[in-house]
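S.K.: Here it is, the structure in full.
The values are calculated or read from the model by the stated rules, or taken from the named source; none is laboratory data. Nothing here was measured: the structure is a model prediction, and the numbers come from that model. In this analysis, Cβ positions are derived from the backbone assuming ideal geometry, glycine residues included, and neighbour counts consider all displayed protein chains. Just so you know, the surface numbers come from the protein's heavy atoms only, side chains and all, with ligands and any DNA or RNA stripped out. Shrake-Rupley method; radii C 1.70, N 1.55, O 1.52, S 1.80 Å.
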Amino acid sequence: MKDPRLTRRGFLAVAGTGAAGSLLAPGAAADVPRGGGRPFADAVLAAFERHRIVAVGETHGQQEHGDAQQMLLADPRLPRVVDDIVVEFGNALYQPAMDRFVAGGAVDNPELRLVWRNTVGSPAATGDDPVREQFYRTVRAVNWALPPDQRIRVLLGDPPIDWSRTTTQDQVDAVLAQRDAHLASVVERDVLARGRRALIFYGSGHVTHSPAPGQNEGHGIPLIEERTGERVHVIVAGSHPRLASCPRRTVLPCAGTWLESVDAGQFMSAPPLCGVPLGKLTDAVLYLGQPEDLTQSRWNPAIFLDPVYWAELQRRDAITGNGVDLEPYRREEPAAWPAPPPVSC
């Protein structure tokens, strides 16, 4: 746990925040000028000045988001502000192995791979894209030079599922139904109840605020806020033509800018959100580039030539209704980010 006596001035010194870091002055134009905004790491650290929990929503499989994570993890200020990082791409069944690994202990690769390969989202999401393993290894590298009481803990937020004992769709559905509630429980029990601060790295759909009573209430962040009374600061990765002049990895607040009222359905390519102002769902936007400039983190197809692993993925697919075409997993795929389908709100 970080020193609770850390003063506001001390916190600002660590986070590098203050009046000079303000994005827009009162009455500034709606469009953010070129060079405006805060770099990702500065924005995250500044958010911890007022919040104990900061959630960053991602678009799964995007290389640029993984790159931004790496830059944030490598920032030497981060361990002085953040105690824990809660991730969606890790099965909580393997928390003891992850604790050993990020603390510098010996964890054999076959055991380590279970963390991301055995989530409840398998086989649609196997976690074999390189940015996932790279994340865990970077946290371990960051912790290596730190004393034990300053090391960042990684909390595996996906609910525990033992695939070796899972044989029916009902069993999978029961775990799937716990995903957001489990995230809330982890944050409540392992972070807030212990007086700690945490980053959350999850898909954007799990971390957006509830725009109105009765909406998104079962999602992770609304559950945390309802149960604990803690207001979570949410940053969602996204793009828009009007952001083209902004540097990549810039974080732009919604309040006081045109982002506050832009249609979330179009911005997030999510038809169910049509008509919802973006500022109701997120506090800020992480801009990583225009869609045509983005790329995918693609796994090595040779991974799926392992006959044991391949047979297990086929078994899981059969359990969940054969809804996943596994054959492309064994082929090289383009790095370019696929164009999202147009959303007309």
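S.K.: Lone cysteines in the chain, defined as no other cysteine's Cβ under 4.7 Å from theirs: which are they?
M.R.: CYS246, CYS254
S.K.: For the pair GLN134 and ARG227, what calculated FRET efficiency results from E = 1/(1 + (r/R0)^6), where r is the Cβ-Cβ distance and R0 = 30 Å, to the nearest 0.05? Can you show the working numbers first?
M.R.: Numbers: r = 32 Å, r/R0 = 1.08.
The value I calculate is 0.40.
S.K.: Place a +1 charge on the Cβ of each Lys and Arg in the chain and a -1 charge on the Cβ of each Asp and Glu, then give the dipole magnitude about the Cα centre in debye, rounded to the nearest 20. List each step's numbers first, then the result.
M.R.: Working: 35 positive and 41 negative charges, 258 e Å.
Around 1240 debye, computed over the chain.
S.K.: With point charges of +1 on the Cβ of Lys and Arg and -1 on the Cβ of Asp and Glu, referenced to the Cα centre of region 235-345, which listed residue (PRO307, PRO341, GLY238) lies farthest in the positive direction of the dipole?
M.R.: Positive-end residue among those listed: GLY238.
S.K.: Rounded to the nearest 0.05, what FRET efficiency is calculated for ALA335 and TRP258 with R0 set to 35 Å and r the Cβ-Cβ distance? Mind showing how you got there, number by number?
M.R.: Details: r = 32 Å, r/R0 = 0.90.
The pair ALA335/TRP258 has a calculated efficiency of 0.65.
S.K.: So, one more: Considering only protein heavy atoms, what per residue accessible area in square angstrom results for region 93-141 with a 1.4 angstrom probe? Write down the numbers at each step before the final one.
M.R.: Numbers: 1870 Å² over 49 residues.
Ligands and nucleic acids excluded, the result is 38 Å² per residue.
S.K.: Output the relative contact order of the chain, whole-number percent, from Cα pairs under 8 angstrom with separation of 6+ residues.
M.R.: Details: 604 pairs, mean separation 79.2, N = 345.
Computed over the chain, the figure is 23 percent.
S.K.: Through the Karplus equation 6.51 cos²θ - 1.76 cosθ + 1.60, θ set to phi - 60°, convert the phi angles of region 165-171 into ³J(HN,Hα) values in whole Hz; use x for Gly and Pro.
M.R.: 10, 9, 10, 9, 4, 4, 5
S.K.: If you don't mind, another one. Please check which bits of region 181-214 a label hung off CYS345 would reach, taking the label as a point 7 Å along Cα-to-C-beta and the cut-off as backbone N under 18 Å.
M.R.: 204-213
S.K.: Additional query: Once you keep just the Cα pairs under 8 angstrom separated by 6 or more residues, what percentage relative contact order results for region 83-123?
M.R.: Contact order relative to length: 51 percent.
S.K.: Given a 1.4 Å probe and every protein chain left where it sits, what share in percent of the accessible area of region 245-345 is carbon and sulfur? Don't skip to the end; give the middle numbers.
M.R.: Values: 2830 of 5100 Å².
Here it works out to 56 percent.
S.K.: Enumerate the calculated ³J(HN,Hα) couplings along region 58-73 in order (Karplus 6.51 cos²θ - 1.76 cosθ + 1.60, θ = phi - 60°), each rounded to whole Hz, writing x wherever the residue is Gly or Pro.
M.R.: After applying 6.51 cos²θ - 1.76 cosθ + 1.60, I find 10, 9, 4, x, 8, 4, 5, 5, x, 5, 5, 4, 4, 5, 5, 4 Hz.
S.K.: With a sphere of radius 11 Å drawn around the Cβ of GLY205, what net charge do the other residues whose Cβ falls strictly inside it have (Lys, Arg +1; Asp, Glu -1)? Before the final figure, lay out the partial values.
M.R.: Values: positive: ARG179; negative: GLU58, GLU88, ASP180.
Overall, the nearby charge balance is -2.
S.K.: Run the accessible area of region 74-206 with a 1.4 Å probe and give the carbon-and-sulfur part as a rounded percent. Before the final figure, lay out the partial values.
M.R.: Numbers: 2720 of 5200 Å².
Ligands and nucleic acids excluded, carbon and sulfur reach 52 percent.
S.K.: Also, quick follow-up: Using 0.36 nm per residue of separation minus the Cα-Cα distance, give me the extension gain between ASP149 and ARG298 in nm, one decimal.
M.R.: Values: separation 149, 0.36 × 149 = 53.64 nm, distance 3.54 nm.
Stretched fully, the ASP149-ARG298 segment lengthens by 50.1 nm.
S.K.: Of all DSSP beta bridges in the chain, what percent run antiparallel (nearest 5)?
M.R.: On the way: 9 of 32 bridges.
Bridges in the chain that DSSP calls antiparallel: roughly 30 percent.
S.K.: Ranked highest first by average number of other Cβ atoms within 10 Å, how do 249-262, 170-183, 140-153 line up?
M.R.: Working: 249-262: 19.6, 170-183: 16.9, 140-153: 14.2.
Packing order, densest peptide first, comes out as 249-262, 170-183, 140-153.
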